[in-house]
Amino acid sequence: MYRKNDNGQAMDPAEVTPCGAARPSSEPVLEMSFEVGHYDFAAAGEAASKIKQVLRKLGMAPDVVRRAAVAAYEAEMNLVIHSVGGSILLHVDTEKVTLVSCDEGPGMPDISLAMKEGYSTAPDEIREMGFGAGMGLPNMKRCSDSFSIESEVGRGTTVTASIRIA
Amino acid sequence: MESRFHSVKLLEEKCKGCTNCIKRCPTEAIRVREGKAVINAARCIDCGECVRTCENHAKTIIANSLEDLREYEYTIALPAPALYSQLERASGPDEIVWALQEIGFDEVCDVSFGADIITECTRRHLMSFPKLRPVISGACPAVVRLIQVRYPNLLSHVAKVESPMYAAARVARAEVSSRLGIAHDRIGVFFITPCAAKVTAVIAPLGSEKSYVDGAISISDIYGELITRVGQHGAARPVYRGSSFGFAWANSSGELKALGLQNVLAVDGIHNVLDLLEEVDNGRLAGVDYIEALACPAGCVGGPATVENPFVARARMIEISKAVEAGSDYALAEAKQVVDKYGEEFFALQGELAAVAGLAIDPRLEVAIAKMSELERVLARLPGLDCGACGSPTCRAHAEDVVCGHASEVDCVFKLREAMEEVAEELLKLAKTDLPSLQRRNDK
Ligand SMILES: Nc1ncnc2c1ncn2[C@@H]1O[C@H](COP(=O)(O)OP(=O)(O)O)[C@@H](O)[C@H]1O
Ligand code: SF4
Ligand code: SF4
Ligand SMILES: [Mg+2]
């Protein structure tokens, strides 16, 4: 079993996930981690696009690829816009594709409010760029078979989305 | 893996193994092995990008020749509208029609007419499927193959209508057969093609089992025959000729203009098509009603089996469609009548478009996951220069080839140099070790 850090470099298998989250443990697995920069709009979307290529190469069903790509894209944009940047961990085993978005940003004071369709704290300049419709998290949830958010104000946020294969 | 017919082929004796083509291939289907390009049939979409790229003309398009006309009692040429953009010396389309008859065809039916039919069918199709958006034009077979190989999610978005070539072929064959009383299979219908993708579509149709076109002849193959005949003698009319809109299909955006819809998008050049389809696949173009996507720069006028510069051809095509404007209203009315007479079903896409597997690293998921992990480790050891000297288009592709057993890590010149350095260091160490016999002498 191998793990990757930013852009696919191998990491020590003993290392914990960037957020210290418990790793699912069925074999074989693929793990890759992608760094996402705060307000880095030039690179925004690249992590999601790389994740999509990887899943395609794995021969995943088109629908799984599409759902994972949408979830990864929303997570990535939230790291760009609402946090201080962070990382997206891709975990693939023979049962599911899991995406874990981790950051040490501002956190969310009210998770259920953040999950409401149309709710957004995106500032005006971001809305002018066409983001901030408040549909990202609900969209992620819709694409996932299991979905969870852990967040602490002032500490950071972890969003986990899993998509079952077949 | 099913083996599929491809019209793009390598002329081995001409290939220098320069690796130019492997970098341009949109599906990364080409490798250079033992100094020669090798095409992976499962991935090739016959877009002809490598034909265009290779300066040594080592990539060729296998198509029919005029010899093949002899097999039929009566032959019909179906010139792609793009043909008319290729011959500067011709005063207009009629002269080229005449030249086609001179080189052996009994009759000519313009595919611009088929384009008018398909425009009409597409309009009706869009009305019957108001919910599915965007609809993607199926006119370019290279694009449809790309969707089959890379975007299976989008197969349901491809317009369920046949191509202008197909429409022209079916109508021309039926009309000639009833007019002259010749059996369908005694009539040879040949498409005069600007590209490899259409040759493949004729020989191995995308959806249907049966092709209604008997063969395809490359514009570049008969260019010489035609150019010597235009401007000399008379002019002839084709049995059917399309409107100026039908002609304009040869240029990118031409199909859109013919449809006359709002909320549409045209893209040309296979790498641009790739970029666009990726976003359609991401669901980010759901507000667009219709997408015209052509593999070739400037549209079919820039096809890999054409001879003229694509932009010169494009300009000429605009002039030609203006020149035929006079007959346009009549042509459009005629196309409508034909659709009403035969019915839309006659021109509907034959059969289902199926996904083509070919991109996955391994068909078994567990193996694919293990290989992917290994791929990332190999990739981390490669220099990341994407130089292509290993014969694979990128370092990532090379890592994949290594993991799949098609290449060795030291095929990378940088890895080879590292390995040689290590060996050289070992040799140096060995050379420096004192021989025991000499050692004893020195001690004394
Ligand atoms: N990683 C994050 N850190 C802090 N807050 C976040 C994060 N992701 C989302 N949020 C909060 O949740 C809200 C809703 O997110 P989302 O549904 O993606 O909509 P949008 O991004 O359009 O605002 C955001 O406006 C923001 O307040
Ligand atoms: S471009 Fe491709 S086919 Fe042409 S010489 Fe180079 S390697 Fe051979
Ligand atoms: S754009 Fe036209 S010429 Fe080029 S591959 Fe497609 S159908 Fe053929
Ligand atoms: Mg968002």
Note to self: Which of B:ALA82, B:ALA248, B:ALA236 ends up with the largest GNM mean-square fluctuation for chain B, with Cα atoms connected below 10 Å?
What the structure shows: B:ALA236
Checklist line | Heavy atoms of B:ARG31: accessible area, 1.4 Å probe, square angstrom to 10 | finding: 30
Check: Most mobile of B:VAL339, B:VAL378, B:VAL199 per a Gaussian network model of chain B (Cα springs, under 10 Å)?
Finding: B:VAL378
Next item on the list: Go through B:PHE347, B:PHE129 and list them by solvent-accessible area, largest first, probe radius 1.4 Å.
Entry: B:PHE129, B:PHE347
Next item on the list: Quantify how strongly other chains surround peptide A:86-93 by giving the mean number of their Cβ atoms within 10 Å of each of its Cβ atoms.
Entry: 1
Notebook entry, point to check: Can you put B:THR193, B:THR228 in order of accessible area, largest first, using a 1.4 Å probe?
Noted result: B:THR228, B:THR193
Notebook entry, point to check: Stretched out fully, how many nm does the piece from A:ALA61 to A:GLU27 gain, at 0.36 nm a residue minus the Cα gap?
Noted result: 10.3 nm
Note to self: Among B:ASP362, B:ASP434, B:ASP221, which one shows the highest mean-square fluctuation when chain B is modelled as a Gaussian network with alpha-carbon springs under 10 Å?
What the structure shows: B:ASP434
Checklist line | Of A:LYS50/B:LYS59; A:LYS50/B:LYS415; A:LYS50/A:LYS141; B:LYS36/B:LYS415; A:LYS116/B:LYS160; B:LYS198/B:LYS257, pairs whose Cα-Cα distance is over 27 Å | finding: A:LYS50/B:LYS59; A:LYS116/B:LYS160
Note to self: Given the whole protein assembly as supplied and a 1.4 Å probe, what does the accessible area of A:MET108 come to in Å², nearest 10?
What the structure shows: 40
Notebook entry, point to check: Can you work out the FRET efficiency for the pair B:ALA419 and A:GLU152, with r the C-beta to C-beta distance and R0 = 41 Å, to the nearest 0.05?
Noted result: 0.25
Next item on the list: Starting from the Cα of B:ILE182, step 7 Å along the direction of its Cβ; do the same at B:ALA286; then give the gap between the two resulting points in nm.
Entry: 5.3
Next item on the list: Take each complete run of DSSP H in chain B, measure how far its Cα atoms stretch along the helix's own axis, and keep only those covering 20 Å or more with mean Kyte-Doolittle hydropathy at least -1.0; list them.
Entry: B:111-128, B:164-180, B:328-342, B:365-381, B:413-432
Next item on the list: May I ask which residue of A:GLY118, B:LEU126, A:VAL153 lies farthest towards the positive end of the charge dipole of the protein assembly as shown, with charges of +1 (Lys, Arg) and -1 (Asp, Glu) on Cβ and the Cα centre as origin?
Entry: B:LEU126
Check: With every protein chain in place, what's the accessible area of B:LYS432 (1.4 Å probe, Å², nearest 10)?
Finding: 150
Margin query: Ranking request for peptides B:45-54, B:68-77, A:141-150: highest mean number of other beta-carbon atoms within 10 Å first, then the rest in descending order.
Written below: B:45-54, B:68-77, A:141-150
Margin query: Helix-only estimate, please: 222 nm mean residue ellipticity of chain B, summing -39500 (n - 2.57) across DSSP H runs of length 4 or more and dividing by its residues, to the nearest 500.
Written below: -13000 deg cm²/dmol
Checklist line | Per-residue mean of C-beta atoms belonging to partner chains within 10 Å, peptide B:279-290 | finding: 2
Item checked: Cβ-Cβ FRET estimate between B:ASN263 and A:HIS38, R0 fixed at 45 Å, reported to 0.05 -> 0.80
Next item on the list: Quote to one decimal, in nm, the extra length available between B:ALA326 and B:GLU225 on full extension: 0.36 nm per residue of separation minus the C-alpha distance between them.
Entry: 33.4 nm
Notebook entry, point to check: Over what distance in Å are the Cα centres of the stretch A:114-132 and the stretch A:32-76 separated?
Noted result: 21
Checklist line | Nearby lysines by direct alpha-carbon distance to B:LYS432 (threshold 24 angstrom, same-chain neighbours under 8 apart not counted) | finding: B:LYS444
Checklist line | Size of the A/B contact, given as accessible area buried on both chains, probe 1.4 Å, in Å² | finding: 2100
Note to self: Give the lysines whose C-alpha is closer than 19 Å to that of B:LYS429, dropping any in the same chain fewer than 8 places away, or say none.
What the structure shows: none
Next item on the list: Quantify how strongly other chains surround peptide A:51-58 by giving the mean number of their Cβ atoms within 10 Å of each of its Cβ atoms.
Entry: 5
Margin query: If I compute solvent accessible area with a 1.4 Å probe over the protein chains, what percent of it on the stretch A:36-166 is carbon and sulfur?
Written below: 51
Item checked: Options B:ALA37, B:TYR342, B:GLY104, ranked by Cα towards positive dipole end of chain B, top entry (Cβ charges) -> B:ALA37
Note to self: Quick check: with the 1.4 Å probe, what order do B:TYR330, B:TYR223 take by accessible area, largest first?
What the structure shows: B:TYR330, B:TYR223
Notebook entry, point to check: Tell me, what is the FRET efficiency for B:ALA41 and B:VAL312 to the nearest 0.05, using R0 = 30 angstrom and their Cβ-Cβ distance as r?
Noted result: 0.30
Margin query: What are the extents of the Cα atoms of the stretch B:8-61 along their three principal axes, in Å, largest first?
Written below: 23, 20, 16
Margin query: Suppose we keep just the DSSP beta bridges with both residues in chain B; what percent of those would be antiparallel, to 5?
Written below: 30
Next item on the list: Starting from the Cα-Cα distance between B:PHE346 and B:LEU155, subtract it from 0.36 nm times their residue separation and give me the gain in nm to one decimal.
Entry: 66.7 nm
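The values are calculated or read from the model by the stated rules, or taken from the named source; none is laboratory data. Computed from a predicted structure; not experimentally measured. For neighbour counting, all protein chains shown are included, and Cβ atoms are generated from backbone atoms with ideal geometry for every residue, glycine included. Side chains included, ligands, DNA and RNA excluded: accessible areas come from the protein's heavy atoms. Shrake-Rupley method; radii C 1.70, N 1.55, O 1.52, S 1.80 Å.
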